[in-house]
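Enquirer: Can you read through this structure? Questions will come right after.
Read the figures in this text as sums done on the coordinates, not as results from a lab. Source: prediction; values computed, not measured. Note that each Cβ is placed from the backbone with ideal geometry, even for glycine, and that neighbours are counted across all protein chains shown.
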């Protein structure tokens, strides 16, 4: 039997009471499984858990900001400042000075959302939203759009597209005759390199999403299996490992995002 969070039933019963039954019969069969994996439910557990993570931040972050006191920081403020300083240091190390100001908000949002979402897997009544491929693909697509947009902003559309055409075959300022002579080779090399680089660029979506999904879903499945057999003592080492996995996978995602931003905004001579 498929495991659901404690919010799955109440939320969907409320939506059914307000909106009626899901319009499963009006959806094409090819899309029915995608939109309504459970024909009696409006929202999958993944969407409910992602909304819950967002709601927690919407409540907690403003409260923490109101209690901010640089003269007498409390334990929560020290913890949050440690996280922010860590992300700033990561951005500086991977991208360079100034990156901590340009990209902190987006990369920090990824880090917090993914880490807290991963932690949901350690709370048995909940489900980790990052344990679903739909969530991790959504996060990866957002990251993909963001780092490509940063590259376009930094270099312009044409300059960014040239970024995928590979290095120039000639250096310096060759004569017009030389340019005409080697133009076919340059064109073929650039076209081939462009196709390969674009495939690699889109493959980053798979790299980001599959790594996060497989690690979190696997860890949650194993921990849940042992917790159902022996709910005391036996799952505790796995939960400690799950805490490390939650932190590690969040770190890997934001590090790769920072690396991709660096690659997208790097100025190279072509």
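Enquirer: What span do the alpha-carbon atoms of the range 1-81 cover on each of the three principal axes, reported in whole Å from largest to smallest?
Expert: Largest first, the range 1-81 extends 61, 24, 24 Å along its Cα principal axes.
Enquirer: Sticking with this one: Hey, can you rank 67-80, 89-102, 245-258 by average C-beta count inside 10 Å, highest first?
Expert: Final packing ranking: 245-258, 89-102, 67-80.
Enquirer: To continue, here is another question. Relative to the compact globular guide of 2.2 N^0.38 Å, what is the alpha carbon radius of gyration of the range 109-153, as a ratio?
Expert: 1.38
Enquirer: Under the 0.36 nm per residue contour assumption, what length would be gained going from the current alpha-carbon distance of residue 263 and residue 141 to full extension?
Expert: Between residue 263 and residue 141, full extension yields an extra 42.2 nm.
Enquirer: Output the direction-averaged projected area (hull surface divided by four) of the convex hull of the alpha-carbon atoms of the range 1-43, in nm².
Expert: With the hull built on Cα positions only, its mean projection is 3.3 nm².
Enquirer: In Å and on Cα atoms, what radius of gyration and Dmax does the range 1-151 show?
Expert: 19.2, 61
Enquirer: How long is the gain from residue 27 to residue 194 if the chain were fully straight, where each residue apart is worth 0.36 nm and the alpha carbon distance is subtracted?
Expert: Separation in residues times 0.36 nm, less the Cα-Cα distance, equals 56.2 nm.
Enquirer: Modelling each spin label as a point 7 Å along the Cα-to-Cβ direction, I'd like the residue 6/residue 60 distance in nm, to one decimal.
Expert: 1.7
Enquirer: For the range 75-129, restrict the atom set to alpha-carbon positions and state the Rg and Dmax in Å.
Expert: Expressed in Å, the Cα Rg and Dmax of the range 75-129 come to 13.5, 43.
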